[in-house]
Amino acid sequence: MPVAERTRIINDFLASMHIFHSAVNELMAEQLREDLGGELTIPQFRLLKLVASTNIESISEVAAFSKVTNAAASKAVDRLVKRGLIQRTESTSDRRVSQLSLTGEGHRLLERFETAQHRVLEGLFMQFMPSDFVQTAQLLDRLSADIVDLETGPQEMCFRCGIYFREKCLLRDVAERTCYFHVHKREHGGGAARESGEQV
């Protein structure tokens, strides 16, 4: 196959992935507005999910997860604290830092959105077999592992999976990326991950 034709096919594949990602995000945002009346934005949902699933103690980790500056991450946390969805408590290991956790209202709001999310995704993809997703995920994981392996070293904390926590991840196994959620799981017995309904 000519190089130009192969490049065109690869470009179309990348375009399809981008369109899919955008379409799902837009659908989730729309569902969020309908079900919660604008109570929570997608970035705020992601932040609640992070706090619910880890014993995160650093604004810099929130910033890395959210792909924003430390100042923006601090403001995002402050907004959710003021709304009574997140609370700060003094860390038992270091009094200079605060551990973040969800309040009862934060848990209830997160559960409402996750219920809506599961319903939308099940309705959207019910015509496909689970094996279709497994095979596609395996292909994407192999491509991702090759790309990430060319980047910075394993010491960099990896937040690539976002809110879709995984037991099996090629970025961790092949590219040897340090996974924040699995570091947390080893240190804290995996309680928070199990409570969040970790996806396998």
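The values are calculated or read from the model by the stated rules, or taken from the named source; none is laboratory data. Everything quoted here is computed from the prediction, not taken from an experiment. Counting neighbours? That spans all protein chains shown, and the Cβs are built from the backbone with ideal geometry, glycine included.
Any chance region 14-34 includes a residue that's of a type in the set (D, E, K, R), surrounded by 12 or more Cβ atoms within 10 Å (Cβ to Cβ), out of contact with any strand residue (DSSP E or B) (no Cβ under 8 Å at 6 or more places or on another chain) and more than 17 Å from residue 139 (Cβ to Cβ)?
Start the filter on region 14-34 by keeping residues that are of a type in the set (D, E, K, R), which leaves 26, 30, 33-34.
With surrounded by 12 or more Cβ atoms within 10 Å (Cβ to Cβ) added as a condition, the list becomes 33.
Still in the list and also out of contact with any strand residue (DSSP E or B) (no Cβ under 8 Å at 6 or more places or on another chain): 33.
With more than 17 Å from residue 139 (Cβ to Cβ) added as a condition, the list becomes 33.
Within region 14-34, one or more residues are of a type in the set (D, E, K, R), surrounded by 12 or more Cβ atoms within 10 Å (Cβ to Cβ), out of contact with any strand residue (DSSP E or B) (no Cβ under 8 Å at 6 or more places or on another chain) and more than 17 Å from residue 139 (Cβ to Cβ).
Any chance you could count how many residues in region 120-143 are within 20 Å of residue 26 (Cα to Cα) and not β-branched (Val, Ile, Thr)?
In the first step, residues of region 120-143 are kept if they are within 20 Å of residue 26 (Cα to Cα); the result is 120-126.
Next, from what is left, pick out any that are not β-branched (Val, Ile, Thr): 121-126.
Looking only at that region, the number is 6.
If a residue has to be part of a helix (DSSP H, G or I) and more than 20 Å from residue 25 (Cα to Cα) to count, how many in region 64-81 make the cut?
Filtering region 64-81 for residues part of a helix (DSSP H, G or I) gives 64-66, 70-81.
Adding the requirement that they be more than 20 Å from residue 25 (Cα to Cα) leaves 70-75, 77-81.
Counting residues in region 64-81 that are part of a helix (DSSP H, G or I) and more than 20 Å from residue 25 (Cα to Cα) gives 11.
Residues of region 16-48 being touching a Leu at 6+ places or on another chain (Cβ under 7 Å) and of a type in the set (D, E, K, R), which ones?
Result: 39, single match.
Okay, residues lined up against (1) assigned to a loop (DSSP other than H, G, I, E, B); (2) without any contact (Cβ under 8 Å) to a residue 12 or more places away in the chain; (3) over 18 Å from the mean Cα position of the chain (by Cα):
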residue	(1), (2), (3)
1	yes, yes, yes
12	no, yes, yes
18	no, yes, no
35	no, no, yes
40	yes, no, no
106	no, no, no
116	no, no, no
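Report the residue count in region 43-59 for those that are surrounded by 14 or more Cβ atoms within 10 Å (Cβ to Cβ) and outside any loop (DSSP other than H, G, I, E, B).
Residues of region 43-59 surrounded by 14 or more Cβ atoms within 10 Å (Cβ to Cβ): 44-59.
Keeping just the survivors that are outside any loop (DSSP other than H, G, I, E, B) gives 44-53, 59.
Final tally of qualifying residues: 11.
How about region 60-80: which of its residues are modelled with pLDDT of 90 or more, of a type in the set (Val, Ile, Thr) and surrounded by 14 or more Cβ atoms within 10 Å (Cβ to Cβ)?
Within region 60-80, 77 is the sole residue that qualifies.
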